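Below is one structure, written out as structure tokens, with a few remarks after it.
The values are calculated or read from the model by the stated rules, or taken from the named source; none is laboratory data. Everything quoted here is computed from the prediction, not taken from an experiment. We place every Cβ from the backbone using ideal geometry, glycine too, and count neighbours over all the protein chains shown. Please note that ligands, DNA and RNA were not included when accessible areas were found on the heavy atoms of the full protein model with its side chains. Shrake-Rupley method; radii C 1.70, N 1.55, O 1.52, S 1.80 Å.
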Amino acid sequence: MKGNMLKVLAMRAKNRMINKGSADTYFDARVKVISNDDSEFVDRVRKILEDEESSRNPLKILMDEKRVNKLDEHGKERYLLETVDKFLKAKAQIEQEQTGSFLNII
């Protein structure tokens, strides 16, 4: 059921991006939901990437279910998109660090 929620939220977000010219889109989506504490988030992403079982659905692990349940539809979609964006940035940072440390060894 949780996986279905993510699919629905992603689909709604995609539809919203396609129809972003409509007036009622993002009317209250100005509040940032995810904190900017990147070091803790990057550590969580690093652990997820190391664990093969967790890396199958990392967003489910990274998203705070209690927080998601308290949000309205726009908030849930915003939270999902911010989590995806932050996850991708953290993953890129980790990969860059690993590549850099590998090059330093050679």
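Summary of computed values
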{"read-out": "Set K47/K89; K66/K89; K66/K91; K47/K70 screened for pairs whose C-alpha atoms are more than 19 Å apart", "value": "K66/K89; K66/K91; K47/K70"}
{"read-out": "Heavy atoms of D38 accessible to a 1.4 Å probe, total area in Å² rounded to 10", "value": "80 Å²"}
{"read-out": "Solvent accessible area, Å² - E50, 1.4 Å probe, full protein context", "value": "140 Å²"}
{"read-out": "Label-point separation, N4 to S55 (7 Å along Cα→Cβ), nm", "value": "3.0 nm"}
